[in-house]
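Written out below as structure tokens is the structure these notes cover.
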Amino acid sequence: MAGTTEATSARQRLFAAAERLMLDSGYERVSVRAVNAAAGMNPAAVHYHFGSKDAFAAALLEDRLGPLWEEPLAALERRRAEGSVPTARELVDVAVGPLLPLAAEPKGRLWLHMLARLTLGRRAPEWSSRWFGLEPWVDLLRQARPGLTAGAARARWVAGFTLILHAFGDPLADVPRAEAVPDVPPDVLVAFVAAGLDAPPGERR
């Protein structure tokens with residue numbers, strides 16, 4: 001038990017040190033060595049606890065962002081189990097809802113920027129939280145749109161999350177955005193993504 005507590009404490013120290021550094025310099029410019037030093041830990045601490053910088057970043061994001069989606073998504077699954085199928089618009093509202101308060105403060109914008117850089121760079125490691133993968137979202141969308149194949153539902157979510165992460169995370173920038181409001185008004189973004197998810201299945205040719 002003591003070992004688990006110590007490991008958790010070490011991880012949190014590394015997360016906090018990384019956030020302080022990355023708020024100024026962005027994810028790409030902060031080295032693992034700098035994170036270890038800022039946390040006052042062994043030069044190999046990040047690699048010991050996480051294996052790589054990207055795996056470290058993924059763990060940080062799951063720790064910070066996972067709780068924001070967990071209960072709303074679990075509520076949708078409970079509704080589905082009780083026979084009430086969420087609409088595509090409700091799915092997008094759950095996906096985007098937690099991003100609005102995050103975008104209003106610097107640390108939240110850092111997390112969104114990191115998520116966009118990792119995910120849209122196609123280099124994200126395996127997520128341990130199921131909600132960071134596409135499959136639960138695909139299942140929920142296929143309930144809302146029964147005619148969709150798994151492949152079509154997955155493709156729609158890839159397009160939808162790409163738009164959402166570009167709007168909120170600004171993945172092409174070196175550092176997190178300074179402004180609280182995404183380039184696209186959130187209500188417009190939600191309506192656009194929901195319409196794409198909810199479109200009738202295309203005819204096969």
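Every number here is computed from the coordinates shown, using simple stated rules; none is lab data. These figures come from a predicted structure and were not determined experimentally. Methodologically, a virtual Cβ is constructed for each residue, glycine included, from the backbone with ideal geometry; neighbour enumeration extends over all protein chains shown.
Before moving on, here are some points about what is shown:
- FRET efficiency for Ala81 and Thr8, using Cβ-Cβ distance with R0 set to 35 Å, rounded to 0.05: 0.60
- Whole-angstrom gap from segment 138-175 to segment 47-114, using each part's C-alpha centre: 14
- Modelled this way, with points 7 Å down the Cα-to-C-beta line, the labels at Ala178 and Ala195 are 3.4 nm from one another.
- Ordering of 185-191, 115-121 by burial proxy (mean other Cβ atoms within 10 Å per residue, highest first): 115-121, 185-191
- Computed helical MRE - 222 nm, the chain, DSSP H runs ≥ 4 contributing -39500 (n - 2.57), nearest 500: -21500 deg cm²/dmol
- In nm, spacing of pseudo-spin labels at Leu23 and Thr162 (7 Å Cα→C-beta vector): 3.4
- D (Stokes-Einstein, µm²/s), Kirkwood Cα radius, the chain, 1.002 mPa s at 20 °C: 118
- Burial order of peptide ranges 154-162, 7-15, 54-62, 172-180 (average beta-carbon count within 10 Å, highest first): 54-62, 154-162, 7-15, 172-180
- The chain: relative contact order as a whole-number percent, Cα under 8 Å and 6+ apart: 24
- Inter-label distance, Trp127 to Glu70: 1.4 nm, where each label sits 7 Å from its Cα along the C-beta direction.
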